[in-house]
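Student: Sharing a structure with you now.
What follows is calculated from the coordinates using simple rules that are stated; it is not laboratory data. The structure displayed is predicted, hence computed values, not measured ones. Cβ atoms come from the backbone with ideal geometry, glycine included; neighbour counts cover every protein chain shown.
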Amino acid sequence: MVSCPEPCEILDTRRLEMDSAKLGISLNSAQLDKFCLYYRELVCRNSTMNLTTVTGWDDVVEMHFLDSLSVAGALPSETRAARNFIDIGAGAGFPGIPMKIAFPELCGTLVDATARKVEFLRDMVAALELTDMGVRHSRAETQAHCESVREGFDLALARAVAPMPVLAELTLPFCKVGGLVALHKTAAAADEIAAAHRAIETMGGVIRDIIRTGGDNKVLVVIDKIRSTPANYPRRPGIPSKRPLLGLATSQEPTR
């Protein structure tokens, strides 16, 4: 069991501050304090909730905080132009919470289907005093058909949630036409990305770029939303994973 870091323990934030600056993000002392509080709560709750496999401060900074902020480093103008974002399958809050800490002016929404993780997310939003940050307990397949959020976001994010063809169906319906989706993947996912072109097209998207982030092992798949997602997508819960849109013609109706 990992013990909770003591509140008085001083965490060295210099790397987080310097590497964020390399991404074009200037973090002030209040923001750095929020990252420290987030880390302490994450590690403390992890022993009973299995939120992360890495618990050391330096590892969390590299693998969670900076990786989450790589979206802004790769897409600086789009991030600053965005008014809102949604994080699908938010889990422990990555990348949504680091993005909200770094860009407090953005309105954010975190979506997760697991009740205990939703509880953690709500606790963190309150503890970190993240205003204009909502948490929804729902599956993406269901939430995407809610009029209040469907095609309502400038930026849709997801990290370590599902294979690319599934992610396309779960994220693009939330994105406005003219907005974009940014998906964290490993460089080894080239075949998976190639297999997702049809699903992306069906959902109204097109791959703009695949950007290397965090060294050679990680990439950010950037998808432009160029037309509205058909009303019958995403399909009902579980179907995108069971029957991913591999080679499905855009003219075909999905099986619900």
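Student: Which net charge results for the neighbourhood of N28, defined as the other residues with beta-carbon distances under 13 angstrom from its beta-carbon, given Lys and Arg at +1 and Asp and Glu at -1?
Tutor: -1
Student: Checking a compactness column here: for segment 77-242, what do you get for Rg(Cα) / (2.2 N^0.38 Å), N being the number of residues?
Tutor: 0.96
Student: Could you work out the local net charge near Y38, counting Lys and Arg as +1, Asp and Glu as -1, over the other residues with Cβ closer than 12 Å to its Cβ? Could you put the intermediate results ahead of the total?
Tutor: Values: positive: K34, R40, R45, K100; negative: D33, E41, D123, E129.
Net charge in that neighbourhood comes out at 0.
Student: Ok, one more. With the cut-off at 27 Å, tell me which of the pairs K22/K218; K100/K225; K22/K100; K117/K218; K22/K117; K22/K176 have Cα atoms farther apart than that.
Tutor: Working: K22/K218 17 Å; K100/K225 22 Å; K22/K100 18 Å; K117/K218 25 Å; K22/K117 31 Å; K22/K176 29 Å.
As for pairs spanning more than 27 Å Cα to Cα, those are K22/K117; K22/K176.
Student: Counting only other residues whose beta carbon sits under 11 Å from that of T131, what net charge do I get with K and R as +1, D and E as -1?
Tutor: It works out to a net charge of -2.
Student: As a test, work out the antiparallel percent of DSSP beta bridges whose residues both lie in segment 159-244, rounded to the nearest 5.
Tutor: In segment 159-244, approximately 95 percent of DSSP beta bridges are antiparallel ones.
Student: Taking the Cα centre of segment 1-95 as origin and charging only Cβ (+1 Lys, Arg; -1 Asp, Glu), how large is the dipole, in debye to the nearest 20? Let's see the in-between values first.
Tutor: Numbers: 8 positive and 13 negative charges, 62 e Å.
My answer is approximately 300 debye.
Student: Cβ neighbours within 10 Å, averaged per peptide: list 97-108, 47-58, 117-128 in order, most packed at the top. Mind dumping the intermediate values first?
Tutor: Values: 97-108: 21.1, 47-58: 14.2, 117-128: 18.2.
Answer by packing, highest mean first, reads 97-108, 117-128, 47-58.
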